[in-house]
Amino acid sequence: MTAQEAASNTAPGGPPHRKRRSPWVQLAIAAPLVIFLGLAILLFVRLFAGDPSQVPSALIGRDVPQFALPPLEGLNEAGTPVPGFSDADLGGGEVTVVNVWASWCVPCRDEHPILVEIARDDRLRLFGINYKDTTENARRFLGHYGNPFDAVGVDAAGRVGIDWGVYGVPETFIIDREGRIAYKHIGPIDARSLEETFMPQVERVLADDGS
């Protein structure tokens, strides 16, 4: 480079001139940071600003999706096979609690005594959706912890869970007398959420005569 060229790239009394980045380049550089900050804020809100079990479902107030689940093979109660169930079995003037569970789900084990307690309420029915499980493991799970369910449907591929908007297990739904999803609880039900949240929702649905 000649002395003349060097002089042309240097402002008087200052450093060499740098080409200014275009707005599009600046935006491309800033976008990942903006996305990261947005996700961080969303995570903070989910963790600290509310109860994750209260995440609303788009299906609340709507009829349950159409489905038909086969029974858990070999599951018997007092010598009688426990049936599977379908959307036609929900509603019909009865309130039903539907719990999505799996033998491989550790929180499901913690929640199970609560389901046994819910099953004692003669005003409602308790149905279970066995989610992405194996027959032997699911049957062993209920054999060990007890079977609180009036019906157990097997969703081996998880397709029905997708239609129900299941994020993971356990999740529990309250179905009203007309076969509509009235409430959804995400995560395990513990003693506190049973008393403060879940049972008040059950009482609300039971009090609704469907008119």
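The values are calculated or read from the model by the stated rules, or taken from the named source; none is laboratory data. All values reported here derive from a predicted model rather than from experimental measurement. Reconstructed Cβ throughout: ideal geometry from the backbone, glycine too, with neighbour counts over all protein chains shown.
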Lone qualifier among Gln54, Gln66 - being modelled with pLDDT under 95 and among the polar types (S, T, N, Q): Gln54
How about segment 62-95: which of its residues are hydrophobic (A, V, I, L, M, F, W, C) and either assigned to a strand (DSSP E or B) or under 16 Å from Gly165 (Cα atoms) (or both)? Val64, Phe67, Ala68, Leu69, Phe85, Val95
Candidate set: segment 118-136, residues that are in a helix (DSSP H, G or I) and more than 22 Å from the chain's Cα centre (by Cα); chosen: the one farthest from Glu73 (Cα to Cα): Glu136
Looking at segment 160-201, which of its residues are in a loop (DSSP other than H, G, I, E, B), crowded, with 18+ Cβ neighbours inside 10 Å and either free of Cβ contacts under 8 Å to residues at least 60 places away in the same chain or out of contact with any Phe, Trp or Tyr (no Cβ under 8 Å at 6 or more places or on another chain) (or both)? Asp176, Arg177, Gly179, Gly187, Pro188
Filtered residues of segment 149-159 (kept if in a loop (DSSP other than H, G, I, E, B) and either outside the structural domain of Glu111 (by TED's automatic domain parsing) or buried (at least 20 other Cβ atoms within 10 Å of the Cβ) (or both)): Phe149
